[in-house]
Amino acid sequence: MKKLALLSAFLALPLMFGCATATAPTPPLAPGALNQFDQTSYASLMTAQASYNSLLASYKANPTVLAALKTPLDVAAQAINTAEAAWQVYHAAGAAATPAQTATVTSSLASAQTALSQVKP
């Protein structure tokens, strides 16, 4: 709670003293990223995978709960695998990536996030 208050105060400082209207430069892309979409999609994919791994580890500690969540966990795993495959196709296409490939990555990541949200005890 104390950290939240300090963070809020720190973030409010520019508002109290005014802030410049210039925008901050866009940070450079991570090594290997084709563009901002590629980088953001990969980060989303890794976040989904980490969330899945965390849920699975938590539920493995309680086999009774895990039994009830087997189907939603399986659906989430399949959705994440589909999203990864779509991202791999997009990434491999490089500069030749099509809008359809971009749309497939976007929709498959959304499906993975939705599937993860359905994993509830």
Margin query: Could you compute the net charge surrounding Ala76? Neighbours are other residues with a C-beta less than 14 Å from the C-beta of Ala76; K and R count +1, D and E count -1.
Written below: 0
Check: Does a label point 7 Å from the Cα of Lys70, set along Cα-to-beta-carbon, have any residues of the range 30-61 with amide nitrogen under 18 Å, and which are they?
Finding: 56-61
Notebook entry, point to check: Which of the peptides 72-80, 113-121 is most tightly packed, and how do the rest follow, judged by the mean count of other Cβ atoms within 10 Å per residue?
Noted result: 72-80, 113-121
Next item on the list: Could you list which residues have their amide H under 5 Å from that of Leu34, counting only those 5 or more apart in sequence or on another chain, with H placed in the peptide plane?
Entry: Gln39
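Only the coordinates and a few stated rules stand behind these numbers; no lab work does. Bear in mind the structure is a predicted one, so any value in this text is a computation, not a measurement. Glycine gets a Cβ as well: all are built from the backbone with ideal geometry, and neighbour counts include every protein chain shown.
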